[in-house]
1. Among helices (runs of 4 or more DSSP H) lying entirely in the range 1-48, which contain 2 or more residues that are farther than 30 Å from GLY193 by Cα, at pLDDT 80 or above and open to solvent by 70 Å² or more (accessible area, probe 1.4 Å)?
2. Among the listed residues ASP283, ASP324, identify the single one that is more than 17 Å from PHE269 (Cα to Cα), surrounded by fewer than 21 Cβ atoms within 10 Å (Cβ to Cβ), touching a residue at least 12 places away in the same chain (Cβ under 8 Å) and away from the ligand (no atom under 16 Å from the Cβ).
3. Please find, within the range 136-153, the residue that is farthest from the chain's Cα centre (by Cα) out of those that are in contact (Cβ under 8 Å) with a residue 60 or more places away in the chain and open to solvent by 10 Å² or more (accessible area, probe 1.4 Å).
4. In the set SER235, SER192, which member is out of contact with any Phe, Trp or Tyr (no Cβ under 7 Å at 6 or more places or on another chain), of a type in the set (S, T, N, Q) and surrounded by fewer than 16 Cβ atoms within 10 Å (Cβ to Cβ)?
5. Among (1) within 15 Å of the ligand (Cβ to nearest atom); (2) charged (D, E, K, R); (3) more than 29 Å from VAL143 (Cα to Cα); (4) open to solvent by less than 70 Å² (accessible area, probe 1.4 Å), where does GLU340 come up short?
6. Among the listed residues LYS214, LYS157, which satisfies the condition of being loosely packed, with under 14 Cβ neighbours inside 10 Å, assigned to a loop (DSSP other than H, G, I, E, B), free of Cβ contacts under 8 Å to residues at least 40 places away in the same chain and not small (Gly, Ala, Ser)?
7. Of all residues in the range 114-131 being of a type outside the set (A, V, I, L, M) and more than 21 Å from the chain's Cα centre (by Cα), which is nearest to ILE79 (Cα to Cα)?
Amino acid sequence: MENKLPEIFESFGEARKKGFVTVKELKDQGKKVVGTFCTYTPKEVIYAAGAYPVGLCATSEETIPEAEKRLPKNLCPLIKASYGFAVTDKCPYMYFSDLVVGETTCDGKKKMYELLGEVKDVHVLQLPQNQDEKSLKLWTDEVRDFKEVLEKKLDVKITDQDLRDAIELCNSEREVMQRFYELGKLVPPPLSGYEMHTILHGSTFSFDKKEQLKNINEVIERLNRKYEEGLGEVSKTDKRILITGCPSGGIVEKIIKPLEESGAVVVCFENCIGIKSFDGMVDTEKDPIEAIAERYLKIPCSVMSPNYGREELIVKLIDEYKIDGVIDVVLQACHTYSIETNTIRKTVQGVNTPYMDLETNYSMSDFGQIKTRLEAFVEML
Ligand code: BJ8
C-alpha cells in the first residue's frame, strides 16, 4: 500500500494536463464549463447549474509577450499570463469555457476582463471591497443575479434544491481538503510543501468530485500511517514555514523548491491554493443564496479594505502550525498585497515570528537572488 503514494502524487501532478482530455469529453457529452479566476467566485452556483467550474489563472510566463501587446509591462504576471493564454488560444480550459466569470477584485484584473470580453463571453461579478452588513446585502444580490445569468446563458433552471445539493458537495470537499492540509500540523509533517502544493493545485483540475475526494482521503490515510510509523522524509529539524500572499501556482519552482532545499519545510499555505479557498463552511440552515454569499464575502484577501481577517488568520495559524517563519509572496505590481506587507510584517513580528516578503514574477531571471535571500532567511531562524 505504502509505495502507491508516489503514483497518486504523480497523478495529481499530471491532473491539469489530464483534465484537458476530460474537459473535451465533457463538452462532447454536451456538458457546460464555466471558467473562473478567483476564490470569491461561488462555485456552488455553477455546480447547481449542472456545469463544471475550472480555474483559468495562468501559472507560466509563456504567453506574457503576447499579452504585453495590449497590457502594460508593469502589471501582475498572473493577469498578463491569463489574458495571454486567452488571446493565443493556448489554454484548453479557456477555449472550452462556455462562460468566463471575472470579478471586481484588483484594478488590473477588472480592466483585463474588459479586453477579455472582446474574445470570450465574460460575466463580471461585482464584488464589494468591504465585508460589512451593507456590502453583504450588495453581494447577496450579486450572487442572486449570478444565478440568473447562469440560468440564461446555460439555458437551465436552478432550484433551491440544486443549490443545497451543490452546497453539500462543496462543503464535503472543504472538509476533506481541510483534513489534508492540516497534515502540515504534524511534527515533522509527512509530506513536503512542494508535494502538498502539487496535490492542492492538481485537485482543482479534477472534474469528478467523488473520485477526487476518494483519492485525497486515501492520501490522508497513507500519510497518517507514514507519520505514525515514523517513515516520513521530512526532517524534524527543518524550519516550519507559512506561505501567505498572492497565488503561488506560478512560483513553486522558484520559491517553494529552493526554500525546501535550504533546511525548511512549508507546512501551511494560507493563500488561495490552501486555507483561503477551503476555510469556512456554507451554512446549510439558511437560505442557500444568502448562506453562499455570507461564506464567500468572509474570505480575507487583500482586495478587501480593511482586511483584518488576514492578520487574525495568520496569527492563529502561526500558533496551530508551530510556525518558525512567515514568507509573504507578492507578485510584481500587485498593489494590494504589496501594501499589506507592512501590516503583515508588524502582525507577524508582533507574535515574535520572523517575516520576509518577496516580490517576484513568473520569469526565472531572479532565481539566484531569491535563492540567496531564502537561504539567508532560513539560516537565521
Ligand atoms: S481571493 S488572491 S484569487 S483576488 S491578480 S490581486 S496577484 S494583482 S489573484 Fe486573487 Fe481572488 Fe484574492 Fe485569491 Fe494581486 Fe495579481 Fe490582482 Fe491577484
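The values are calculated or read from the model by the stated rules, or taken from the named source; none is laboratory data. Every value quoted in this text rests on a predicted model; they were computed, and no experiment measured them. Cβ sites come from the backbone with ideal geometry, for glycine too, and all protein chains shown count toward neighbours. Just the protein is used for accessible areas: all its heavy atoms, side chains included, with ligands, DNA and RNA removed. Shrake-Rupley method; radii C 1.70, N 1.55, O 1.52, S 1.80 Å.
1. 15-28
2. Of the residues listed, the single one that is more than 17 Å from PHE269 (Cα to Cα), surrounded by fewer than 21 Cβ atoms within 10 Å (Cβ to Cβ), touching a residue at least 12 places away in the same chain (Cβ under 8 Å) and away from the ligand (no atom under 16 Å from the Cβ) is ASP283.
3. Among them, the one singled out is GLU151.
4. Answer to the check: SER235.
5. (3)
6. LYS157
7. So, considering only residues that are of a type outside the set (A, V, I, L, M) and more than 21 Å from the chain's Cα centre (by Cα), the one nearest to ILE79 (Cα to Cα) is GLU114.
Residue-by-condition table, conditions (1) under 18 Å from GLN178 (Cα atoms); (2) out of contact with any Ser or Thr (no Cβ under 7 Å at 6 or more places or on another chain); (3) more than 12 Å from the ligand (Cβ to nearest atom); (4) open to solvent by less than 10 Å² (accessible area, probe 1.4 Å):
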position: ILE243; (1), (2), (3), (4): yes, yes, yes, yes
position: PRO258; (1), (2), (3), (4): no, yes, yes, yes
position: VAL265; (1), (2), (3), (4): no, no, yes, yes
position: ILE273; (1), (2), (3), (4): yes, no, no, no
position: LEU317; (1), (2), (3), (4): yes, yes, yes, yes
position: HIS335; (1), (2), (3), (4): no, yes, no, no
